[in-house]
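Let me begin by presenting the structure, written as structure tokens, before commenting on it.
Where a number appears in this text, it was derived from the coordinates with a stated rule and is not lab data. The shown structure was predicted, so the numbers you read here are calculated from the model rather than taken from an experiment. FYI the Cβ positions are ideal-geometry reconstructions off the backbone, even for glycines, and counts take in every protein chain you see.
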Amino acid sequence: MLSIVLSCGVLALLVAAIFRILVGMKNAGTKKMQDVAAQVRSGVMAFLWREYIVIVVFLCVIGSLLFLFLDTTWAGMQTGSWKPPYIAGSFVLGALCSIFSGFIGIRAATSANVRATQAARTSLGKSLRVAFLGGATTGLSVVGLAIIGLTGSILYFTEVASVSFIQALSILAGFSFGASSVALFTRVGGGIYAKAADVGAGFFGKVEVGTPKDESCNPAVVADYVGNNVGGVAGIGADLFESYVGSLVAAMLIGGTVDWGTAPQAAEAAILFPLVISAFGIIASIISTFVVRTKEGSGDVHDALKNGLFLASALVVVFAFFFAKKMLPAQVWWGVFLALTAGLVAGVIIRMLTEYYTSSKYTPVKELASAAKAGSATTITDGLALGYISTFLPLLFLCAAIGIAYSQAGLYGIAVSAVGMLSTLGISLAIDAYCPIVSNAGGFADMAQLTKQVRERIDMLESAGGTSAAIGNGFAIGSAALTALALFTAFSEGAALSVINLMNPLALIGLLIGGALPYVFAALTMRAVGHAASVMVGEVRRQCKETKGSVSGRMQGEGTRCVGVAAGAAMYATMFPGFIAIAIPVAAGFLFGSEALGGLLVGSLVSGALLALSMMHSGGAWNNARKYIEAGNLGGKGSESHKATLVGNTVGSFFKDASGPSVSAFLKLMTIVSLLTVGFYSVNGLLG
């Protein structure tokens, strides 16, 4: 069965390679468009170079610690009994798989954006197809490398290293830790950079010299386009790669430890079942990519994207029914199937609710746009209120999925529901990655001064992409919450915590501190965006003083230099939040024990999920309220309402593209660190 799963992972990479080739064969447009695209590619590589240096140093340090304290152990070091670096190697492999998937995706995106612009000169449908294939390359690369990495590791440890199946699964926690670490740097650092570049380009163009943001004479515009790829492709790709891997590891770990009673073969089947479902989720995603099409003048771009997701979800349900009945014992298969379906349905509903709260087609955003008539203050307060109230229904359906999963299949059901929610990641991530591609395509059209018809076609794609991006981020947070819960369930099993006693002061203290941590993390990322943006603006000012033609348009600014400066500031700003995510759970476990650490994780999960979701919905609503007014409603561009929504959109960009997504990565990293180190902690700790 593992060989079939591995084959599906290889198939995903092969199809991704075919999509990448198909995109590369398309016309890249005029010389002006190709020049801009080349600058963006150069800027992307400049950012990745900065990021990879930091990640490599981090991998060396943490990998060495894992080898010393988890592979060899303190007792082994004292006796000179050095053990094979299984956990450390798994950690590095998980990180490399995440890095490589992000690299493939971001290269595909930078190739697709200019070609989507050129295709828009012919038809809307062709442009959509090019952009979507670029996004599908990202989605299939992520799921393919995740499946290959996990399955290949299991085969190596069990067949070559002669490690028991259960021990191999424990080692895979290192793989998940590696994926989480890369997600932290890519999601947090990339988010900080992307918003710094966006704010820097917009501020300099509109405030400093009075030119449009996408003018080629603005040196920061290339950095802004790079940020779209870094945050919207690599960032969300690494985030969802982490969730995908984490849910699978948690489900396999719990499946191997649950007492299945009179069914001795059930444990092995329960371990393999999540991998099998994810593998056939890849096939469902590949099939679904072929239905994402639209016609000129149809205006159903967003519906075309949703059709692909709905088809993939339906196919996974059919696959799950068949394989649950075939693989699992008669007394449990139906409950496991219901648990998986509950997670899958909850994921679809969370996407629909996010669309309701953030799309200009629906009442909440229209009411927010109307509130802008009273000024910026009302825009901000109403946007915050929208974000707060919008957390209730998604969390309600998430709780329903958890309740159904637990009632039908116990703790294993909770983990399987997370697998179900992420089983269609290949197609859902393709939709998410499509958004930054068409966003850059619009900028390229402006810089190349293409016709109004081209701009209108790309506007239709961007409109669907903006909604899809908000939906994708909402889904990423929902899946992160469920994945963190699944990992916490595995942690509680490893720590033998059947309950967390809130009458224990240490557990209560952990709960309260955990509830505060996401706010601290969000604040650090917000301030980091402001600092990195000021660094960006300072660099552009320096260029304009040295090369006066940068403003007049006679000389192209050094966009790559802007990228390097902002990337350095973003990576530096990521270090302290990353230290918090790793150090605090370890310190809490050692000092106060596993029960207090459990309270810490629960507190951070509850407050962090709500905070991230509210920030994401507020940011998306502010953004689409601005677009709603710019479409000619409530006075249109230049009106007082429009000016108020510009303020809201600026605040919202910090919320939805930097702090909100960063919090979800923070939650998962803390939980996987706790799971990996659970063996070190006593119940009451050193101070208990």
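For residue 257, what charge total do you get from the other residues with a beta carbon under 14 Å from its beta carbon, if Lys and Arg give +1 and Asp and Glu give -1?
Neighbour charge sum, excluding residue 257 itself: -3.
Over all other residues within a Cβ to Cβ distance under 9 Å of residue 441, the charged ones net out to 0, with Lys and Arg as +1 and Asp and Glu as -1. The alpha carbon gyration tensor of the range 441-584 gives principal lengths a ≥ b ≥ c with a/c of 1.5 or higher and a/b no greater than b/c, which makes the shape oblate. The listed peptides 77-84, 250-257, ordered by packing as a protection proxy, come out as 250-257, 77-84 (highest mean of other Cβ atoms within 10 Å first).
Projected label points at residue 630 and residue 4, each 7 Å from Cα along the beta carbon direction, are separated by 4.9 nanometres.
The length gained on full extension between residue 310 and residue 17, counted as 0.36 nm times the residue separation minus their Cα-Cα distance, comes to 103.0 nm.
Using the alpha-carbon centroid of each, what span in Å lies between the range 461-536 and the range 1-43? What the calculation gives is 32 Å, centre to centre. Centre-to-centre, using Cα atoms only, the range 283-342 and the range 354-406 are separated by 27 Å.
Ranking 49, 76, 112 by how far each Cα lies toward the positive end of the dipole of the range 1-124 (charges on Cβ) leaves 112 at the top. Identify which of the listed values of mean projected area of the Cα convex hull in nm² was calculated from the structure shown: [x] 28.5; [y] 32.2; [z] 34.7. Here mean projected area of the Cα convex hull in nm² agrees with entry [x]. Cross-link partners of residue 325 among lysines, defined as those whose alpha carbon lies under 22 angstrom from its own and excluding same-chain residues fewer than eight positions apart, are absent.
Output the pairs from 31/637; 195/361; 32/643; 83/326 with a Cα-Cα distance over 28 Å in this structure; if there are none, say none. Checking Cα-Cα distances, 31/637; 32/643; 83/326 exceed 28 Å. Across the range 443-602, the mean sequence separation of Cα contacts (distance under 8 Å, 6 or more residues apart), normalised by length, yields a relative contact order of 35 percent. Couplings 3J(HN,Hα) of the range 664-673, computed from phi: 5, 5, 4, 4, 5, 5, 4, 5, 6, 4 Hz, in residue order, whole Hz [Karplus 6.51 cos²θ - 1.76 cosθ + 1.60, θ = phi - 60°; x for Gly and Pro].
If the segment from residue 496 to residue 531 were pulled out straight at 0.36 nm per residue, it would be longer than the present Cα-Cα gap by 8.2 nm. Per-residue Karplus couplings for the range 26-38, computed as 6.51 cos²θ - 1.76 cosθ + 1.60 with θ equal to phi - 60°, are listed in order as 6, 5, 8, x, 6, 4, 4, 5, 5, 5, 5, 4, 5 Hz, Gly and Pro entered as x. May I ask you to list the residues of the range 653-682 whose amide nitrogen lies under 11 Å from a point 7 Å from Cα along the Cα→beta-carbon direction of residue 78? Residues passing the 11 Å test: none. Normalised by the number of residues in the chain, the mean separation of alpha-carbon contacts (under 8 Å, six or more apart) gives a relative contact order of 21 percent.
Summing charges over all other residues whose Cβ lies under 12 Å from the Cβ of residue 410, with Lys and Arg as +1 and Asp and Glu as -1, gives -2. Dipole check for the chain: with +1 at the C-beta of Lys and Arg, -1 at the C-beta of Asp and Glu, and the Cα centre as origin, the magnitude is about 1720 Debye. In order along the range 191-197, phi translates into HN-Hα couplings of x, 4, 4, 4, 6, 5, 5 Hz, rounded to whole numbers, per the Karplus curve 6.51 cos²θ - 1.76 cosθ + 1.60 with θ = phi - 60° and x for Gly and Pro.
Compute the FRET efficiency between residue 49 and residue 686 as 1/(1 + (r/R0)^6), taking r as their Cβ-Cβ distance and R0 = 25 Å, and round to the nearest 0.05.
For residue 49 and residue 686, the calculated efficiency is 0.05.
Label-to-label distance, residue 164 versus residue 590, with points set 7 angstrom from Cα along the beta-carbon direction: 2.9 nm. Sorted ascending by nearby beta carbons within 10 Å, beginning with the fewest, 317, 336, 276 become 317, 276, 336.
The stretch between residue 122 and residue 374 holds 86.5 nm of extra length on full extension. This uses 0.36 nm per residue minus the Cα-Cα distance.
Overall, the anisotropy analysis places the range 279-401 in the oblate class: the square-rooted eigenvalues a ≥ b ≥ c of its C-alpha gyration tensor yield a/c not less than 1.5, with a/b not exceeding b/c.
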